[in-house]
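Please read the structure below before turning to the comments.
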Amino acid sequence: MTVEINGQELKLSEGSTLEEAIKVSNAPYKKGTAIGILIEKEDMKSQASVEYLVKTSKGEFKIELKDDSSLSSKRWVSLFKDFNDIPVRWTSKDALAFGPFSTDMEPVRGSTEMDRFTLLFGAGGGDAANTHIIISKTRHASEYGAPEDGTFARIISGKHVLSDLDRGDRILSIEPVIEWEKAGEHISTTGLSVKLESGSKIFTYVEIEIDPQAPEGAEFFFAVTKNGTFNIDFVSSSFISDHRFQGELVAYENFESRSTGSVFVRTVGYGAGKLYISTDDRTSSIMHSVIGHVTKGIELARMAESGQKIMVDSIPEPIMLLGMTNKDAEEEMSALGIEISREGYAEDTGFIVNQTPATTIGIMHEGKVTVQGVNPEMLVTIELYDNLAPKTLDFFRHAVGLQYNPVGILPVMMTYENTYIFKSEKPAEKYKEIFPENTPKKTISGEIGVTNQAAKRAGMIGVKISDDDLFGPTGERFANTNIIGKILEIEKLKHFKDGDVMYVLESIKEE
């Protein structure tokens, strides 16, 4: 039988399971994530659509007709099958053109305004026999010999392909996209033993192209999805949302319509820090900043259910050098063609604790990055007890910066006898609860304690370098102390004194 997995056709024996399809195809998949399966209805394939997938020699993008009753939209519907193999005629900083071909359009004189990523038909020299498809890269106005109705469609995914297209590239094919609700039966499952039917379309992950207009939002997205998943905490008719970072403030950067496949974050008010994927068109919002767009797998986002999680991948992948050695970072950046400069502890063994620019988009734009290294003795590895103290660890990761970066910062507030007290620079205790959780009966050397809300100094972080039967790691009573983890290299604490900064790196747990 024949199935399709993430757009690729695959031949399988009758009765094959989802697990077998993933193994044979080597499709991207993360254990425990939901997979979408669609069984198409044959009678829907010939119906008209408002969305079309345009495959080019440099990749694919999807367009949506603005008004399917307009003359230009009707012209597109009647001609798109004939656009196979038409080349890029010209490209500029503002637009590119595919063509030429002949139409019966009636061009008008004067400039036509085009928003970013919109399409129109343009008659070169005012001659309809010399018609082109014009696609805008920027918001601009120019005399293209367009018909009176102007732009007729917009690109809704795959926008990055435009910057790659040049003379010599061409359209390979154009296919209509049927509304997924009408396309057939669909399920979302985490079970790999599901048996497949011939004609099944399988979606194992969602690919998201980051918008260069949202560098800070991109880092927020990378932090939320750093384990490669989008948690579906809420499902509506027009979006799914991940609430893991609710309460975090994110910079507003990109005012754009929240079209199908848009990835956006709420930046103000109740719900700030929620991450969304649009499954239907919505208007732009001054409270939501668009940070990217789905380029593959929107069907999975539409099928997935509340309580599930889906695998996500990004274009580009994040550039995060913190926690790496100078040597390893230099090798990684060299492979990407990015120049790297060292500051601070510049030896090959130095651990990186800061990078400038701080964002992936900033680094890619400049083509270079400056890293700050520290002596390995100033960085300690910690193991955190996620199962025993999840709420307190939510506070801790926010307070020291581990929710965004692999390296956290803990300034040493004071040291006395066998105790080290730290006060995080970020006052996360003001918006993160620290209820009593995993309180100890004795203090064990190297374990990390956080003062809970039962005491006045809630949010203090401490470690003792010897066992203690009377007080917790922060010097509080045991009932006022939550144990969140332990330092794996306790001997390194001897290097720190009041006013120093200790850097922490969370140990990687094998799945």
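Things worth noting here:
- Overall form of the stretch 420-462 per C-alpha gyration tensor (a/c, 1.5; a/b vs b/c): oblate
- Counting 0.36 nm for each residue step from Asp498 to Asn387 and taking away their Cα separation leaves a gain of 36.8 nm.
- Pairs of Cα atoms farther than 40 Å apart, the chain, %: 35 percent
- Fraction of accessible area attributable to carbon and sulfur, the stretch 144-244 (%, probe 1.4 Å): 47 percent
- Inter-site label distance for His140 and Thr17 at 7 Å from Cα along Cβ, in nm: 5.6 nm
- Rounded if a/c under 1.5, otherwise prolate or oblate - the stretch 368-432, Cα gyration tensor axes: oblate
- Within the stretch 452-511, chymotrypsin sites (Phe, Trp or Tyr not before Pro) in DSSP loop having at most 10 other beta-carbon neighbours inside 10 Å: none
- Over the chain, Cα pairs under 8 Å with separation of 6+ residues give a relative contact order of 12 percent.
- Distant-in-sequence amide contacts of Trp90, defined by a placed amide H-H separation under 5 Å and a gap of 5 or more residues or a different chain, comprise Ala97.
- The chain: angle of helix 215-224 to the longest principal axis, Cα-based, in degrees nearest 10: 60 degrees
- Debye log10 I(q)/I(0) at q = 0.12, 0.20, 0.28 Å⁻¹ for the stretch 439-511, Cα point scatterers: -0.33, -0.86, -1.26
- Calculated over the stretch 83-235, the projected area of the Cα convex hull averaged across directions stands at 13.1 nm².
- Phi-based couplings in Hz for the stretch 344-361 (Karplus 6.51, -1.76, 1.60; Gly and Pro marked x): x, 6, 9, 5, 4, 7, x, 8, 7, 10, 7, 9, 9, x, 7, 9, 4, 4
- Per-residue ³J(HN,Hα) for the stretch 168-177, Karplus 6.51 cos²θ - 1.76 cosθ + 1.60, θ = phi - 60°, Hz, x for Gly and Pro: x, 7, 7, 6, 8, 6, 9, 10, x, 10
- Other-chain or far-sequence residues with amide H under 5 Å of Val369's (modelled H): Glu339, Ile340, Ser341
- Theoretical gain in end-to-end length, Asp313 to Leu79 [0.36 nm per residue, Cα-Cα removed]: 80.8 nm
- From phi via Karplus (6.51, -1.76, 1.60), per-residue ³J(HN,Hα) for the stretch 121-134 in Hz, x at Gly/Pro: 8, x, 9, x, x, x, 9, 5, 6, 10, 7, 10, 8, 9
- Helical runs (DSSP H, four residues minimum) scored at -39500 (n - 2.57) apiece and divided by the length of the chain put the mean residue ellipticity at 222 nm at -3500 deg cm²/dmol.
- Amide H to amide H, with H built 1.01 Å from N, Ser314 comes under 5 Å of Ile208, counting only residues 5 or more places away or on other chains.
- Of Lys30/Lys74; Lys309/Lys456; Lys296/Lys327; Lys327/Lys494, pairs whose Cα-Cα distance is over 32 Å: Lys30/Lys74; Lys309/Lys456; Lys296/Lys327
- Label-point gap, in nm, between Glu332 and Lys456 - each point 7 angstrom along Cα→Cβ: 4.5 nm
The values are calculated or read from the model by the stated rules, or taken from the named source; none is laboratory data. These numbers come from a predicted model, not from an experiment. Quick reminder, even Gly has a Cβ in these numbers, built from the backbone with ideal geometry, and neighbours come from all protein chains shown. The protein model used for the area step is the full one, side chains on, heavy atoms only, and it has no ligands, DNA or RNA in it. Shrake-Rupley method; radii C 1.70, N 1.55, O 1.52, S 1.80 Å.
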